[in-house]
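First comes the structure, then the notes that go with it.
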Amino acid sequence: MHLRRPFNHRREMQFECADSKRLSQRRKAADWRITMSSIAMKTGQWAGMLVGAGLAFAVASSSCVFEGSADVGPAPTPIPPPPVPPPTVNPGSLTVRWMVDETTDPNTCIMGNAASLDVVLTTAGGQFAGEFQAPCTNFATTISPLVPGNYDGRAQLLDGYGNPRTTIVTIHPFSVIDSTNLVIDLDFPASSFL
């Protein structure tokens, strides 16, 4: 690029064309000059920069590679679905209500020297399921959680030292159902006291 006049806003560009067979005569080849105003020159510079940026983007984006094949090959093995989680078992409960000589008067517990009720539960298969105690004067207690299933058991009143005050009352077989409460009533007649 040559400036013909140092303070002139008009610039000239010189383009040279060379014949590839006569490189030595490069200077003698046809040349022409294009005269542009400075605004046109700046616009040309911006256009050149945009074209250059476009080419750089095209080169960068052309680096993606796709490989394909007409060979189908064996079908992939399908992934099996995840195993089904075990069903959620919600525990049930057992409420034992008792009377002493057909009454729920706390004085009957005191007169009989019975401090607590003792309940022992077993599964239908005979395995120990738990032992539970409650004050005699409560006349009710809830045992939970109990895994759903079949149970049977026994109950008796104890003194303050854990010694039996009554004979054993059998709790007949019963079933605990998930998320439910089963109520069983017991009676310790006067004749059951030792």
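Taken together, the criteria exclude residue 119 from residues that are β-branched (Val, Ile, Thr), in contact with a Cys (Cβ under 9 Å, 6 or more places away or on another chain) and surrounded by 13 or more Cβ atoms within 10 Å (Cβ to Cβ). Take the conditions (1) farther than 18 Å from residue 185 by Cβ; (2) of a type in the set (Asp, Glu); (3) touching a His at 6+ places or on another chain (Cβ under 7 Å); residue 152 misses just one of them, which is (1).
For every residue, the table says whether it meets (1) touching a residue at least 60 places away in the same chain (Cβ under 8 Å); (2) of a type in the set (Ser, Thr, Tyr); (3) in a strand (DSSP E or B); (4) crowded, with 17+ Cβ neighbours inside 10 Å.
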{"position": "94", "(1), (2), (3), (4)": "yes, no, yes, yes"}
{"position": "125", "(1), (2), (3), (4)": "no, no, no, no"}
{"position": "144", "(1), (2), (3), (4)": "no, yes, yes, no"}
{"position": "150", "(1), (2), (3), (4)": "no, no, yes, no"}
{"position": "153", "(1), (2), (3), (4)": "no, no, yes, yes"}
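Is it the case that segment 101-111 has a residue that's among the acidic types (Asp, Glu) and either in contact (Cβ under 8 Å) with a residue 60 or more places away in the chain or surrounded by 15 or more Cβ atoms within 10 Å (Cβ to Cβ) (or both)? Yes, there is a match, as at least one residue in segment 101-111 is among the acidic types (Asp, Glu) and either in contact (Cβ under 8 Å) with a residue 60 or more places away in the chain or surrounded by 15 or more Cβ atoms within 10 Å (Cβ to Cβ) (or both). Could you list, in sequence order, the residues of segment 157-167 that are touching a helix residue (DSSP H, G or I) at 6+ places or on another chain (Cβ under 8 Å) and in a strand (DSSP E or B)? Of everything in segment 157-167, those that are touching a helix residue (DSSP H, G or I) at 6+ places or on another chain (Cβ under 8 Å) and in a strand (DSSP E or B) turn out to be 157, 166.
Quick note: the coordinates plus some simple rules give every number you see, no bench work behind them. Since we're looking at a predicted model, the values are computed, not measured. Cβ sites come from the backbone with ideal geometry, for glycine too, and all protein chains shown count toward neighbours.
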